[in-house]
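Let me begin by presenting the structure, written as structure tokens, before commenting on it.
The values are calculated or read from the model by the stated rules, or taken from the named source; none is laboratory data. Just so it is clear, the model here is predicted, and its values are computed rather than measured. FYI the Cβ positions are ideal-geometry reconstructions off the backbone, even for glycines, and counts take in every protein chain you see. We work out accessible area using only protein heavy atoms, side chains counted, and drop any ligands, DNA or RNA first. Shrake-Rupley method; radii C 1.70, N 1.55, O 1.52, S 1.80 Å.
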Amino acid sequence: MIKLSLKAFNYAVLFIVVFTCIRCSHQDRLEVDTAHLDSFYGDNLYALGDSCYYKEKFNHAIYFYKLAANAFTVKSDTLGIAKSFNDVGLSYRKIGKFDSARIYYKKAFFLDSIRKDTLPLIGRLRNIGITYNYEGNHVQSIKYYTRSLELAQYTESEETVAAIHNSLGNLYNDQERYALALKHYEKSLARYLQISKPAKLALVYNNIGNVNAAMGDYDEALFYHKSSLGIKKNLKNQEDIAYSFHNVGVIYRFQKNYLLSEENLKEAYKIRVKIKDLRNSAVTANALARLYLDMDKRKEALPYLKIAESFFQQNYDKTIELDNLKNWANYYYQLSSYKLAYDKLENWAVLNDSLFNTQKVNVLETWNQFELNQKENENIKQKERADHQEKIAKNWLRVLWLLFGFFIVVSILSILLYRQRRKILKLNEDLDLLNTDIRHGKHNDYTQVIQELQKLEFDGADSIENMLYASIAVDDMLYNRPGQKVNIKSHLNKILEEKYQAMNMDKHGVIIEKELEPVILNGEMASKLTFIIRELMTNSMKHAFKTNRALKIKVKVETKDDNILAIAYSDNGNKLSKEQLESSNGLGWKIIKGFIKKLGSCIDIKRETDYNVFQFFVKL
């Protein structure tokens, strides 16, 4: 029964809290009697304050945080009171009431000091420092950050110390005291490296990159921004990745490396559009417009100028508008639309609270003087352009005369070389014709001698015949000049026909079957292959065909994988073993093995279906 009553009480509390929130939301005012809420649970009220805070309803958040503090006071919960006061301060800071924010931060600090809880004390001091920084009071801001750092060094929290060093670096960076900023960033970096916090490392790398860029050291800035980008890619946070791509692109623009700048800025813009980060998309659009204007690419700059302009017209943002106005002024200046450029600069100055606004300069008078100076400058530039164009024209005329003379010389030399080449080619043709005639005559003489030797039967006739064939092969190799190409199919067809006629194979009823691929070989290799085939045919006619069966010779030349040429010669003569040939002392067989070895191969001999098969492979 007691449990049921407590549950009902909790539901009643939640009903009143929700009703109060709805009432505040619709009426946009706070009308709750605090006297009736002191008994509420502080945690429920605090949660309601958080809800309003994250919905950016900061006035409502302040109200509920104060109610929570009252509730925690009834319960004497010092921790609850301190955190409620701190969040009241945060909410005041959000709406720009920095004095009120400091009052509640200090109340929270006092309560935490009673509790002697060091970590919250550090946070309260940092929050006070932040309010002074927003007001531009850097001296007080640094004072409170330094006090928080002194306290943090007594704790074991390296992360807290690192965060405070990073904040001090930001303060000194805002004051353009870059040496001190770098000092604190480096201390922050060293601690984050020790405790391995990738996201924080990326943040500090980015800050160091910004300081180096402000000091004009763009190489160092680029190194740190790229380091930050590398970490963020591993963390896969698209918003942070786009931020680093943007920074890298800006540094490349400072270095005038426009292609890489364009690549990185476009990547940043692409990611920001994809994740619907409208504000930062406009920031990158302004950067791309500035880049294209630096490259004198006004056509490419125009759409990005309009994108940024459209954003601040719909969502007021002073920073984006200032950058956009300067870019528009540059755009119109490049178009020589000086009045429009001046108008944009005037708007920029007024928005920036510059001299145009504070000293109330007469815009029309200033413009007239500006226009007069511009006309004088334009006349000077026109004269300079005319002189420059005349100088270029004279230089081009000199170049054209030089090119014409060079063309004449080259033409004469080309004609002389062409005539000389024709003479050399004619001489080569005559020599080739003479060599062919001599070679043909020698072959005919050798063939007649071989035919007569075949009619005679005496010891040594075979050796003489083999020597004559060897002479023919050597003659072929000498005749084939280096680099000469031979179609092995047509070449072997001719040689086989000559051999067929020379040895009167038709009278013996010999049939030759050929499977030849039209492979192109150099002359030397073709001559060696030709001689091997010739010698194998001679061997078949003299030693293998001693039966009454139909005599057949098969010659097969084909290409295999990896540029390998396979040559297979077979006859259906008497069975012949590899051992018989290896032990043979015949000159013909020795010559065959010698030529095959020269080709970097070795011969394989086997018996397949009544055929002696001689096979070897040559690398092309």
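Leaving out ligands, DNA and RNA, what percent of the accessible area of the stretch 229-282 is carbon and sulfur, probe 1.4 Å?
Its accessible area is 52 percent carbon and sulfur atoms.
Based on protein heavy atoms only, the stretch 152-269 ends up with 49 Å² per residue of surface accessible to a 1.4 Å probe. Calculate log10 I(q)/I(0) of the stretch 500-567 for q = 0.11, 0.22 Å⁻¹, where I(q) comes from the Debye formula with a single equal point scatterer on each Cα and nothing for solvent. Values, matching the q order: -0.33, -1.03.
Packing-wise, with mean Cβ within 10 Å as the measure, how do 387-394, 254-261, 75-82, 127-134 rank, highest first? Mind dumping the intermediate values first?
Working: 387-394: 9.9, 254-261: 14.4, 75-82: 16.5, 127-134: 21.4.
Ranking, from highest mean packing down: 127-134, 75-82, 254-261, 387-394.
Working ranking of peptides 239-245, 284-290 by packing, defined as the average number of other Cβ atoms within 10 Å per residue, highest first, is 284-290, 239-245. Among the listed pairs LYS270/LYS326; LYS97/LYS187; LYS116/LYS232; LYS556/LYS578; LYS560/LYS597, those with a Cα-Cα distance over 30 Å are LYS97/LYS187; LYS116/LYS232.
Cross-linked pairs LYS276/LYS297; LYS485/LYS619; LYS266/LYS299: Cα-Cα separations exceed 19 Å for LYS276/LYS297. Net charge dipole, the stretch 504-620: roughly 440 debye, given to the nearest 20, about the Cα centre with Cβ charges of +1 for Lys and Arg and -1 for Asp and Glu. Taking only the Cα atoms of the stretch 251-326, the ratio Rg/Rh comes out at 0.96, with Rh defined as the Kirkwood radius. Accessible-area rank, largest first, for THR538, THR73: THR73, THR538, with all protein chains present and a 1.4 angstrom probe.
Distance from the C-alpha centroid of the stretch 209-240 to that of the stretch 497-570: 75 Å, rounded to the whole angstrom. Of the residues TRP328, TRP396, TRP348, the one with the largest accessible area comes first in the ranking TRP396, TRP348, TRP328, computed with a 1.4 Å probe on protein heavy atoms. For the stretch 572-620, the set of trypsin sites (Lys or Arg not before Pro) satisfying both a DSSP loop assignment and a count of at most 11 other C-beta atoms within 10 Å is given as LYS575.
Taking a sphere under 12 Å around the Cβ of GLN153 and counting the other residues whose Cβ falls inside, with K and R at +1 and D and E at -1, yields a net charge of 0. Here the gap between LYS94 and ILE424, fully extended at 0.36 nm per residue and compared with their Cα-Cα distance, gives a gain of 109.3 nm.
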